[in-house]
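First up is the structure itself, then whatever we jot down about it.
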Amino acid sequence: MATRLREITPAALASAALAALVLGALAAVAIRAGGLTGLRATDLAAIRFTLWQAALSALLSCLLAIPVARALHRRRFPGRGLLISLLGAPFILPVIVAVFGLIAVFGRRGLVNAALAPFGVEPISIYGAHGVIIAHVFFNLPLATRMILHGWEAIPTERFRLAASLRFGPAEVTRHLERPMLRAVLPGASLAIFLVCLTSFAVALTLGGGPRATTVELAIYQAFRFDFDMGRAASLALVQVAISVTALLIAARVTTPASFGAGHDRTSLPIPQLSVGAGRATLDALAILLAAAFLLAPIGAVFARGLPALPELPAMIWPATLTSLGIALASTLVTLIIALPLALAATRHRWAEIAAMLPMTASALVMGTGAFLIARPFVNPTSLALPMVLLTNAALSIPFATRILMPEIRTLQADYDRLAASLGLRGLARLRLLTLPRLARPLGFSAGLAAAFSMGDLGVITLFSDGQTRTLPLALFQLMGSYRMDQAAGAATLLLTLTFALFWALDRAGHHADPR
Amino acid sequence: MKTHLMLAGALSLIATMAAAEDKPVLTVYAPDYFTSDWGPGPAIEKGFEAICDCDLKFVAGDVLPRILLEGDKTQADIAIGLNTDVTAKARATGLFAPHNEDTSNLTMPVKWTDPIFLPFDWSELAFVYDKTKLKTPPKSFEELLDAPKDAYKIVIEDPRSSIAGLSLLLWVKDIYGDKAEQAWEKMAPKVLTVTPGWSEAYGMFTDGEADMVLSYVTSPAYHIMAEKDDSKVAAIFPEGHYFTPELVAQLKTSKHPELAQKFMDYVLSPEFQGMIATANWSFPAKLPHDQLPEVFQTLPMPDKTLYLGEDEAEKLRGPALDEWQRAFAK
């Protein structure tokens, strides 16, 4: 009993902290507003649109990710590792930068329309509900692909060998190996994407083409800023949390652990018999090429647009870059320290999973205001600036880190719990000898994401900025805000390069630390 | 992706590590663009510190929401960069003190009598286009509305999140009154998209994605002066253009009221006013025409200026937003 208690204590503490941050903030806003206010007809329309676009974005991202992940799993080619890392780039870009990349490719004057024009094809338009979906798939396909690819890699090679020696055809492989893996991975992946899209704001607005694409987050913004109605903002924020928790419970219900049993721990290599056939090879090549083109063209456009402006960047960009790097590394550490115990507990305790996802469900606007209201009576909020930047960045990465870790932790627990128990392996020894090495890959990926998030994060610093301290994204936004679009593009290229380098280094470090 | 919203979240637990210096500190809340290296903030700080024997500290962020949350415990001595959309709300708090400045000789097209909120610069809304690309720009608001839907694509800002967008709402309402919704219905097919803020919209215009952008009559001045590029032009409409001043006010709760008043005096001084044109790309509120940079003296300007007073704007913006939403929903 005492051991059990000690095992869940870190997770319980982390959960309590996150719950206090999110729900406490919401409560503080509601109290300050003197209670919740009823919603309007336009708010209900916003809720409907938000649900629709988030569900569709999640569904499409996951469906498209399956062939891409399978192709990447089955094929080996030079540059595969780099490609897999590069495909993650959209997810880690600051939104505004990515939107400009998408416009450069799919916009009125974009590459696609330029290519279509000579054939007399009607120009395509990215503005409208479909544009929002395209953008969300662009952002989240990488996440889904990576999560599913991790799932594939977690199937022990022995199972594929067995399948090959039993002369399984594609249908049998799908039924006995791939489908159980997908049942374990897909609900979590769709949930994560659904939640990301649920709180979408800038993407939905910029590409939505007008007020028809109003999301709940924008409605909250409007309640706060346009109507000065904090009560309605709190009500809407509560609706967001309720939707998220419902989605979470549904996802948890349909998730089943794959439990393939432990293998001999060889790197999961493709088995030739299972991937031959000209048809399959063509399909795999097509999936990889299409995904790469879709994901990398906008990134390439952003990179190329800013390249000429790099030498003209103002000197202030360099201290801003250093600040960003420092914050990113520190916030990555905090993310891992909180996410790991949460993820370890979350596979057994639903409350830990819900707590881990909470930061994602809350409206940033409401959370920020609430934290301010809570802190004010006790301390001068200004003295909390740096810790708050760090914590908020970390809090927003924790849901992703937890989601990425959970499927592999389930496998780890199913495969090694009995062995570890019979050896009396527990506590720190278990962490060092079993948990950390086995989770090296998802940990590296999570760390990469957390660092990239923090690096590309615009908002939090603007709250704490005294006008002199700034991060790279803030500098970028300030350049844009003062007509200096070319220099801003240069800053975007720099940001893109550094963010990706950080992500790549941590992700690779995870791969190297994996004993398999 | 969501975090940048916190910018507006009024949270603003801002890093003004209270300077442990002997000089009194004057705390000025200002919008983020204002304090950046390219805004007027740094020069103002230097200029004022040279005459005040004090330490001027900017706190950058969402000015009014932060003050509203802090109430009478606010650290702010001065709030600068307020827009007319928030003055009614700000006034109602009773937190702001009169500016005590003579506003009878401001160089603005609108007579200013507000005793609390003092304008330090102004511009007027305009649709900006590239004359080398757009051969048939609209010559009036009417022409813009009546143009065929593929004549040009315009990008505008959302009135719910941007002051430019909100001012456009009032501009249309002022010209078209009861017919505003029909006006929006005519404009909607030409609106490429609606962005959260000015930066995104203007970026889409300079990237060539949009033919026209809702910006200001003073925007071309930046391109002419900083980039030696005279292709960007503001379309001037005979119906009149909407007036957009930026305001400054002092707080009643200031611990250094004399310093705060001194800052208000400084705002209308020739030194401060002389910096505005090229630091904020707008017209100073009090500077004779012949003292403006030459480019500003020769900018094409509308003959007629439109401006709804605070009360009327406050009354109209709710219904006007509904009309706007309805027109775009069709």
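Strands (runs of 3 or more DSSP E) fully within the range B:189-308 that include at least 1 residues being in contact with an Asp or Glu (Cβ under 8 Å, 6 or more places away or on another chain) and among the basic types (Lys, Arg): B:232-235. Taking the range A:441-459 as the range and being over 12 Å from the mean Cα position of the chain (by Cα), buried (at least 24 other Cβ atoms within 10 Å of the Cβ) and at pLDDT 90 or above as the test, only A:443 passes.
Okay, residues lined up against (1) away from chain A (no Cβ under 14 Å); (2) touching a strand residue (DSSP E or B) at 6+ places or on another chain (Cβ under 6 Å); (3) over 30 Å from residue B:97 (Cα atoms):
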position: B:255; (1), (2), (3): yes, no, no
position: B:265; (1), (2), (3): yes, no, no
position: B:303; (1), (2), (3): yes, no, yes
position: B:321; (1), (2), (3): no, no, yes
position: B:325; (1), (2), (3): no, no, yes
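How many residues, within the range A:1-20, are assigned to a helix (DSSP H, G or I) and modelled with pLDDT under 80? Step through it out loud before you land on a result.
Filtering the range A:1-20 down to residues assigned to a helix (DSSP H, G or I) leaves A:2-20.
Remaining after also requiring modelled with pLDDT under 80: A:2-8.
Total meeting the criteria: 7.
Only residues that are surrounded by fewer than 24 Cβ atoms within 10 Å (Cβ to Cβ), out of contact with any strand residue (DSSP E or B) (no Cβ under 7 Å at 6 or more places or on another chain), within 11 Å of another protein chain (Cβ to nearest Cβ) and not charged (D, E, K, R) were counted across the range B:204-226, and they come to 5.
The helices (runs of 4 or more DSSP H) found entirely in the range A:96-165 that carry 1 or more residues being within 11 Å of chain B (Cβ to nearest Cβ) are A:111-116, A:129-154. Sub-7 Å Cβ pairs linking a first residue in the range B:170-199 that is closer than 19 Å to residue B:312 by Cβ and facing another protein chain (nearest Cβ under 7 Å) to a second residue that is surrounded by fewer than 19 Cβ atoms within 10 Å (Cβ to Cβ) and basic (Lys, Arg), at least 6 apart or interchain, number zero. The residue that is nearest to the other protein chains (Cβ to nearest Cβ), counting only those in the range A:177-207 that are surrounded by 24 or more Cβ atoms within 10 Å (Cβ to Cβ) and in contact with a Gly (Cβ under 7 Å, 6 or more places away or on another chain), is A:207. Restricting to the range A:349-371, and then to whatever is touching a Leu at 6+ places or on another chain (Cβ under 9 Å) and assigned to a loop (DSSP other than H, G, I, E, B), can you tell me which residue is surrounded by the fewest Cβ atoms within 10 Å (Cβ to Cβ)? Among residues in the range A:349-371 that are touching a Leu at 6+ places or on another chain (Cβ under 9 Å) and assigned to a loop (DSSP other than H, G, I, E, B), the one surrounded by the fewest Cβ atoms within 10 Å (Cβ to Cβ) is A:362. Residue A:279 satisfies every condition listed in (1) surrounded by 19 or more Cβ atoms within 10 Å (Cβ to Cβ); (2) of a type in the set (Gly, Ala, Ser); (3) modelled with pLDDT under 90 except (1). Of the candidates B:293, B:288, B:189, the single residue that is within 28 Å of residue A:221 (Cβ to Cβ), surrounded by fewer than 22 Cβ atoms within 10 Å (Cβ to Cβ) and more than 17 Å from the chain's Cα centre (by Cα) is B:189.
From the list B:157, B:142, the one residue that fits, being acidic (Asp, Glu), touching a Gly at 6+ places or on another chain (Cβ under 8 Å) and either in contact (Cβ under 8 Å) with a residue 40 or more places away in the chain or more than 14 Å from every other protein chain (Cβ to nearest Cβ) (or both), is B:157.
Within the range B:22-56, take every residue that is farther than 21 Å from residue A:482 by Cβ and free of Cβ contacts under 8 Å to residues at least 12 places away in the same chain and give me the one that is nearest to the other protein chains (Cβ to nearest Cβ). Here the residue is B:49.
Within this structure, residue A:387 passes the test of being assigned to a helix (DSSP H, G or I), farther than 19 Å from residue A:507 by Cβ and without any contact (Cβ under 8 Å) to a residue 60 or more places away in the chain. Among what's in the range B:130-147 and is in a loop (DSSP other than H, G, I, E, B) and either among the hydrophobic types (A, V, I, L, M, F, W, C) or surrounded by 13 or more Cβ atoms within 10 Å (Cβ to Cβ) (or both), pick the residue that is farthest from the chain's Cα centre (by Cα). If we take residues in the range B:130-147 being in a loop (DSSP other than H, G, I, E, B) and either among the hydrophobic types (A, V, I, L, M, F, W, C) or surrounded by 13 or more Cβ atoms within 10 Å (Cβ to Cβ) (or both), then B:147 is farthest from the chain's Cα centre (by Cα).
Within the range B:73-97, restricting attention to residues that are within 20 Å of residue A:29 (Cβ to Cβ) and of a type outside the set (A, V, I, L, M, F, W, C), the residue that is nearest to the chain's Cα centre (by Cα) is B:89.
The values are calculated or read from the model by the stated rules, or taken from the named source; none is laboratory data. The shown structure was predicted, so the numbers you read here are calculated from the model rather than taken from an experiment. Note that each Cβ is placed from the backbone with ideal geometry, even for glycine, and that neighbours are counted across all protein chains shown.
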